Amino acid sequence: MDRMRCVVVEDEELGRLQLLDLIQQDSRLEVIGLADRSEKAVELINSLRPDVVFLDIQMPGGSGFDVVQQIHLKPQIIFVTAHDRYAVKAFEVAAHDYLLKPITKARFDASVDRVFTTFRSRASKASETASETVMVPVGSSGTYVPLADVLYVCSEGHYTVAAVAGGAKHRCRKTFREWLEHLPESVFLKVQRGLVINIRRVVCAELSSGGGYVRLGDLEESVEIGARGAERLMRYLNEER
């Protein structure tokens, strides 16, 4: 059975130990990182890219809400707190659940059931498309690559450029519109005019209201996107939470 990789963010030792005990009793979970303050939490989440984060709201250096705003890709968030006054705000930032301390095993199990359902659904969609192939036309012949290896496609004059895993870029006669007709929307997102990216291969993203950059797969360089593209990508990532 697939396990969800999780990070625990909790500044109080007793609370952290309780969470770890509950997690260790659940075969669906695997702890890959611990943090006791917001700065470390942001660093861990951005580098480890967990599936789930058990996130305390009140901690040194900033709140759990601050952490959510600073992480690049959004894992499933389960807020943990001793105060129910934060519940409304937690769901406003698209938290998947909200646990009140002290946490009962029944409530913890119900929360994990919820996020595991989403986790398995995403994994199923990814496996369905992982073995598909698309043709990247090069000259008079074609190169077949797995769909998952196509990182982005962009317009370049009368041609298009397809960047694939490994760093190769193929200049193609296929039009951008033709690409869009064959790339499934469940995997590829048109972030702006003339640019579609493989959303499942995003490594990290630096986004603001004025634009930003996104790293894809094993490409050394980042892909620059404009203000509207950054806004659309941020909206997509927030919805995915």
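Within segment 53-87, how many residues are farther than 23 Å from Thr117 by Cα and of a type in the set (Phe, Trp, Tyr)? The qualifying residues number 2. Scan segment 58-73 and tell me whether some residue there is over 19 Å from the mean Cα position of the chain (by Cα), modelled with pLDDT under 90 and open to solvent by 60 Å² or more (accessible area, probe 1.4 Å). Within segment 58-73, one or more residues are over 19 Å from the mean Cα position of the chain (by Cα), modelled with pLDDT under 90 and open to solvent by 60 Å² or more (accessible area, probe 1.4 Å). Those strands (runs of 3 or more DSSP E) of segment 190-241 in which at least 3 residues are within 30 Å of Ile78 (Cβ to Cβ), considering only elements entirely within it, cover 202-208, 211-216.
Close Cβ contacts (under 8 Å, 6 or more residues apart or on different chains) running from residues in segment 132-157 that are at pLDDT below 80 to residues that are in a strand (DSSP E or B) and aromatic (Phe, Trp, Tyr) comprise Thr133/Tyr144; Val134/Tyr144; Met135/Tyr144; Val136/Tyr144. Condition check for Arg177 on (1) surrounded by fewer than 16 Cβ atoms within 10 Å (Cβ to Cβ); (2) among the basic types (Lys, Arg); (3) part of a strand (DSSP E or B): one failure, at (3). Does segment 191-202 include one or more residues that are more than 13 Å from the chain's Cα centre (by Cα), modelled with pLDDT under 90 and open to solvent by 50 Å² or more (accessible area, probe 1.4 Å)? Checking segment 191-202: not a single residue is more than 13 Å from the chain's Cα centre (by Cα), modelled with pLDDT under 90 and open to solvent by 50 Å² or more (accessible area, probe 1.4 Å). The set of residues from segment 50-82 being in contact with a strand residue (DSSP E or B) (Cβ under 8 Å, 6 or more places away or on another chain) and part of a loop (DSSP other than H, G, I, E, B) comprises Pro50, Asp51, Ile57, Gln58, Met59, His72, Leu73, Pro75, Ala82. If the condition is being open to solvent by less than 50 Å² (accessible area, probe 1.4 Å) and over 22 Å from the mean Cα position of the chain (by Cα), then segment 1-32 contributes Gly15, Leu19, Leu20, Leu22, Asp26.
The values are calculated or read from the model by the stated rules, or taken from the named source; none is laboratory data. Keep in mind the model is a prediction, meaning the values are calculated, not measured. Positions of Cβ are generated from backbone atoms using ideal geometry, with glycine treated the same way; all protein chains shown enter the neighbour counts. Heavy atoms of the whole protein, side chains included, go into the accessibility calculation; ligands, DNA and RNA do not. Shrake-Rupley method; radii C 1.70, N 1.55, O 1.52, S 1.80 Å.
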